[in-house]
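Participant: Structure incoming, see below.
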Amino acid sequence: GIIFLFAAIGFYGYSFWAPLVVKSLTGSSDVNVGIILGAISAATIILMALNSAHSDRTDERPWHVAVPLLVMAAGFFGCALLSEPKLAVLSLALIPIGHCAGYGPFWSMPSRFLTGAPAAAGIALVVTIANVGGFIGPTIIGAMKDRFGTDGPAFMLLGGCAIVAALLAMTLGRAAVLRRTQPSNLN
């Protein structure tokens with residue numbers, strides 16, 4: 001749940017503020033902002049499917065969650081640090097691509113060590129915890145933009161959240177793999 005919380009903080013921060021960020025970076029009309037964000041969403045869908053398929057083919061989950069989260073972090077850092085609008089928009093595209101590409105592998109991880117009612121309860125808990133990120137992320141961007149007059153510091157913080165999520169995915173994913181491969185002590 002904590003992995004998804006940190007990822008959701010960044011993603012919801014992006015989701016709520018992306019139209020304004022794209023408009024301020026490009027000076028585009030509302031229609032063109034919608035087209036840009038639609039193209040980003042189309043790329044996200046394609047890369048989400050490719051990452052999930054590769055994860056299934058290799059039967060590997062932690063890296064297929066962590067690497068996309070690092071891509072998400074790179075997107076936030078690029079938005080914060082790049083002054084060229086086209087490069088900043090490309091960096092912005094990495095945020096949903098990185099976040100969503102890890103969905104399939106992420107949601108398959110709990111079923112590797114939970115079944116039945118505990119799995120349902122575990123998934124509900126993960127979603128509940130992540131929904132807190134839906135409040136925190138947009139609030140962080142708004143508060144920090146008011147404080148600093150720019151999105152940069154908020155994007156740096158949200159990029160840090162994505163890195164924390166990636167590290168947790170690797171740590172907890174590795175623990176789940178070790179747990180699954182250890183022989184049981186049934187005597």
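The values are calculated or read from the model by the stated rules, or taken from the named source; none is laboratory data. This structure is a prediction, so every number in the text was calculated from the model and none was measured. Neighbour counts are summed over all protein chains in view; Cβ atoms, including those assigned to glycine, are modelled from backbone coordinates with ideal geometry.
Participant: Any idea how many residues of segment 100-116 are touching a Ser or Thr at 6+ places or on another chain (Cβ under 8 Å) and either within 20 Å of Gly134 (Cα to Cα) or of a type in the set (Ser, Thr, Tyr) (or both)? Let's see the steps before the verdict.
Facilitator: Of the residues in segment 100-116, the ones touching a Ser or Thr at 6+ places or on another chain (Cβ under 8 Å) are 100-101, 103-105, 108.
Those still in the list that are either within 20 Å of Gly134 (Cα to Cα) or of a type in the set (Ser, Thr, Tyr) (or both) too: 100-101, 103-104, 108.
Residues meeting the conditions: 5.
Participant: Right, here's the next one. Look through segment 98-129, keep the residues that are surrounded by 16 or more Cβ atoms within 10 Å (Cβ to Cβ) and not in a helix (DSSP H, G or I), and return whichever of them is modelled with the lowest pLDDT.
Facilitator: Met109
Participant: Now for a separate question. In this structure, does Phe11 turn out to be modelled with pLDDT under 95, surrounded by fewer than 20 Cβ atoms within 10 Å (Cβ to Cβ) and part of a helix (DSSP H, G or I)? Before you say what the answer is, go through the steps one by one.
Facilitator: Numbers: modelled with pLDDT under 95: yes; surrounded by fewer than 20 Cβ atoms within 10 Å (Cβ to Cβ): no; part of a helix (DSSP H, G or I): yes.
When the stated conditions are applied, Phe11 does not pass them.
Participant: Further, regarding this structure: Got a number for residues in segment 95-141 being of a type in the set (S, T, N, Q) and closer than 21 Å to Met170 by Cβ?
Facilitator: So in segment 95-141, the residues of a type in the set (S, T, N, Q) come out as 108, 111, 115, 128, 131, 139.
From what's left, closer than 21 Å to Met170 by Cβ: 108, 111.
Matching residues across segment 95-141 total 2.
Participant: Could you list all residues from segment 57-110 that are of a type in the set (Ser, Thr, Tyr) and out of contact with any Gly (no Cβ under 6 Å at 6 or more places or on another chain)? Please lay out each step first, then the result.
Facilitator: Start the filter on segment 57-110 by keeping residues that are of a type in the set (Ser, Thr, Tyr), which leaves 58, 83, 91, 103, 108.
Listed by number, the residues that qualify are Thr58, Ser83, Tyr103, Ser108.
Participant: Which members of segment 109-121 meet the condition of being farther than 19 Å from Val164 by Cβ and touching a residue at least 40 places away in the same chain (Cβ under 8 Å)?
Facilitator: Step one: filter segment 109-121 for residues farther than 19 Å from Val164 by Cβ, giving 110-121.
Arg112, Phe113 - these are the residues of segment 109-121 that are farther than 19 Å from Val164 by Cβ and touching a residue at least 40 places away in the same chain (Cβ under 8 Å).
Condition check ((1) in contact with a Ser or Thr (Cβ under 9 Å, 6 or more places away or on another chain); (2) in a helix (DSSP H, G or I); (3) under 15 Å from Tyr14 (Cα atoms); (4) charged (D, E, K, R)) across all residues:
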position: Thr44; (1), (2), (3), (4): no, yes, yes, no
position: Val65; (1), (2), (3), (4): yes, yes, no, no
position: Val71; (1), (2), (3), (4): no, yes, yes, no
position: Pro96; (1), (2), (3), (4): yes, yes, yes, no
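Participant: State which residue is farthest from Thr58 (Cα to Cα) when the search covers only segment 74-97 and only residues that are buried (at least 23 other Cβ atoms within 10 Å of the Cβ) and not aliphatic (A, V, I, L, M).
Facilitator: The selected residue is Cys79.
So that you can scan it fast, the table gives a plain yes or no per residue for (1) among the small types (Gly, Ala, Ser); (2) touching a Pro at 6+ places or on another chain (Cβ under 7 Å):
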{"residue": "Ala7", "(1), (2)": "yes, no"}
{"residue": "Val21", "(1), (2)": "no, no"}
{"residue": "Ser29", "(1), (2)": "yes, no"}
{"residue": "Asn51", "(1), (2)": "no, yes"}
{"residue": "Ala66", "(1), (2)": "yes, no"}
{"residue": "Ala74", "(1), (2)": "yes, no"}
{"residue": "Cys79", "(1), (2)": "no, no"}
{"residue": "Leu114", "(1), (2)": "no, no"}
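Participant: While we're here: Got a number for residues in segment 44-82 being of a type in the set (Val, Ile, Thr) and closer than 30 Å to Gly149 by Cβ?
Facilitator: At the first step, the residues of segment 44-82 found to be of a type in the set (Val, Ile, Thr) are 44-46, 58, 65, 67, 71.
Checking the rest, the ones that are also closer than 30 Å to Gly149 by Cβ come to 44, 71.
The number of residues fulfilling the criteria is 2.
Participant: Scan Val71, Val67 and give me the residue that is surrounded by 14 or more Cβ atoms within 10 Å (Cβ to Cβ), closer than 18 Å to Phe155 by Cα and among the β-branched types (Val, Ile, Thr). Steps first, please.
Facilitator: On the way: Val67 fails: closer than 18 Å to Phe155 by Cα.
None of the others qualify; the one that does is Val71.
Participant: I would also like to ask the following. Just for segment 73-94: of the residues that are part of a helix (DSSP H, G or I) and small (Gly, Ala, Ser), which one is nearest to Gly160 (Cα to Cα)?
Facilitator: Residues of segment 73-94 part of a helix (DSSP H, G or I): 73-81, 85-94.
Within this subset, residues satisfying the condition of being small (Gly, Ala, Ser) are 73-75, 78, 80, 88, 91, 93.
Numbers: Ala73: 7, Ala74: 10, Gly75: 11, Gly78: 12, Ala80: 12, Ala88: 18, Ser91: 15, Ala93: 17 Å.
Filtering first and then ranking leaves Ala73.
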